[in-house]
Amino acid sequence: MPSLRETLARTRNTLVGRLQSVLGQSDITPETWDDLESLLLQSDVGAATTGKLLDALKQRAKNDAIVMAAGLRNALKEEMVKLLGAPQPVSYAATRLLEVIMVVGVNGSGKTTSIAKLCKLYLSHGRKIVLAAADTFRAAAIDQLQVWGERAGVPVIAGNPNSDPGAVVYDSIQAAFSRKADLLIVDTAGRLHTKHNLMQELKKLRGIMQKSVHAAPHQTLLVIDAANGQNAISQAKGFTEAVGVTGVILTKLDGTPKGGVTFAIVSELGIPIQFIGTGEKIDDIEEFDARRFVNNLFGDE
């Protein structure tokens, strides 16, 4: 499994590599703040979130009497950790008869692969799982999920391509109950080939879950491709408004210098990041920890 440090290498080279010159052994000047702002924006932290970080950092410099630019490095790290928030521990234990996790995201974000990784992770904690292939508009998504399910020894409930995804969700819930599974993970469409509105379709699936299982879905996880940078924020807003996203799985950080979007996701959407995909293999996923993330981003861990 690639380390988090390896995963963040491209973002670290963009951000921290240039941070050394910005936060050199000189007094803090207006140019220091301008250069820092430019650097954060280039790392795709986003204008609003960059503004929040700089405001907090300026206040910190005033309160702590930081006058040298080099003294801002640790203060910036601390403010980044604060912005990302306290760790959101994942509970793997079965606490109800059937837990339902709905996974959403645009096509190409790594959604189906992330589901396979989640499946492996929960299996390692003794959960009995059923997968629902409710992205019926992409035959490749159904095939991919069935391959992952076969490898993991987990049943996949699927219909024919272009069949009603609502029927697949309903059948999957019934199958989970009959097989005495305690976890159902539902794959969903990221784009429709029909005239139907994607968000309305997802709301319909959510409604079917709610009618069949008390308080379902119990988690709604949004898969975001970090390489999409600020475009990922607008995507996320749409999903959040439609289906009430509870957490984010951030993928493909290893292939982009735009890891700064991590801060924008939490700051602008108020949604915690639950997991990070650290590579392409089924084990390449880990729970998100803000301090560990920032330390690795700065090359300090």
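The values are calculated or read from the model by the stated rules, or taken from the named source; none is laboratory data. Source: prediction; values computed, not measured. Note that we place each Cβ from the backbone using ideal geometry, even for glycine, and neighbour counts take in every protein chain shown.
Quick grid of which residues meet (1) part of a loop (DSSP other than H, G, I, E, B); (2) in the same structural domain as Leu253 (by TED's automatic domain parsing); (3) surrounded by fewer than 19 Cβ atoms within 10 Å (Cβ to Cβ):
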site: Gln20; (1), (2), (3): no, no, yes
site: Gln25; (1), (2), (3): yes, no, yes
site: Thr32; (1), (2), (3): no, no, yes
site: Leu39; (1), (2), (3): no, no, no
site: Gly51; (1), (2), (3): no, no, yes
site: Leu54; (1), (2), (3): no, no, yes
site: Arg60; (1), (2), (3): no, no, yes
site: Ala65; (1), (2), (3): yes, no, yes
site: Glu79; (1), (2), (3): no, no, no
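Quick check: anything in the stretch 89-107 surrounded by 14 or more Cβ atoms within 10 Å (Cβ to Cβ), part of a strand (DSSP E or B) and more than 22 Å from the chain's Cα centre (by Cα)? The answer is no, given that none of the residues of the stretch 89-107 is surrounded by 14 or more Cβ atoms within 10 Å (Cβ to Cβ), part of a strand (DSSP E or B) and more than 22 Å from the chain's Cα centre (by Cα). Filter the stretch 280-301 down to the residues that are in a loop (DSSP other than H, G, I, E, B) and either buried (at least 19 other Cβ atoms within 10 Å of the Cβ) or of a type in the set (D, E, K, R) (or both) and list them by number. Once the filter is applied, which keeps residues that are in a loop (DSSP other than H, G, I, E, B) and either buried (at least 19 other Cβ atoms within 10 Å of the Cβ) or of a type in the set (D, E, K, R) (or both), the stretch 280-301 yields Glu280, Lys281, Asp283, Asp284, Phe288, Asp289, Asp300, Glu301. Restricting the stretch 1-54 to residues that are within 26 Å of the chain's Cα centre (by Cα) and among the acidic types (Asp, Glu), the residue that is farthest from Glu287 (Cα to Cα) is Glu37. Picking from Val186, Val156, Val213, which residue would you name as being assigned by TED's automatic domain parsing to the domain that holds Asp254 and either out of contact with any strand residue (DSSP E or B) (no Cβ under 9 Å at 6 or more places or on another chain) or closer than 30 Å to Lys258 by Cβ (or both)? It is Val186. Looking across Leu250, Leu222, Leu297, one residue alone is more than 30 Å from Leu97 (Cβ to Cβ) and touching a strand residue (DSSP E or B) at 6+ places or on another chain (Cβ under 6 Å). It is Leu250. So, Leu83, is that one within 22 Å of Val243 (Cα to Cα), crowded, with 19+ Cβ neighbours inside 10 Å and either in contact (Cβ under 8 Å) with a residue 12 or more places away in the chain or not assigned by TED's automatic domain parsing to the domain that holds His218 (or both) or not? The answer is no for Leu83. Could you check, for the stretch 134-155, whether at least one of its residues is part of a loop (DSSP other than H, G, I, E, B), in contact with a Cys (Cβ under 9 Å, 6 or more places away or on another chain) and of a type outside the set (S, T, N, Q)? Yes; the residues of the stretch 134-155 include at least one that is part of a loop (DSSP other than H, G, I, E, B), in contact with a Cys (Cβ under 9 Å, 6 or more places away or on another chain) and of a type outside the set (S, T, N, Q). Where helices (runs of 4 or more DSSP H) fall wholly inside the stretch 156-274, the ranges with 3 or more residues that are within 16 Å of Ala132 (Cα to Cα) are 165-178, 198-212. Only one of the numbered conditions (1) in a helix (DSSP H, G or I); (2) of a type in the set (A, V, I, L, M); (3) in contact with a helix residue (DSSP H, G or I) (Cβ under 6 Å, 6 or more places away or on another chain); (4) within 16 Å of Ile282 (Cα to Cα) is not met by Ile115, and that is (3).
Selection over the stretch 201-238 of residues that are under 15 Å from Pro165 (Cβ atoms) and polar (S, T, N, Q) gives a count of 1. Do you know which of the residues in the stretch 224-274 that are basic (Lys, Arg) and either under 23 Å from Asn296 (Cα atoms) or surrounded by 18 or more Cβ atoms within 10 Å (Cβ to Cβ) (or both) is nearest to the chain's Cα centre (by Cα)? Per the stated criteria, the residue is Lys252.
Of all residues in the stretch 114-131, those that are assigned by TED's automatic domain parsing to the domain that holds Ala175 have Cβ atoms under 7 Å from Cβ atoms of residues that are in a helix (DSSP H, G or I) and crowded, with 23+ Cβ neighbours inside 10 Å, 6 or more apart or on another chain, in Ile115/Leu145; Ile129/Cys119; Val130/Ser172; Val130/Ala176; Leu131/Ile115; Leu131/Cys119; Leu131/Leu145.
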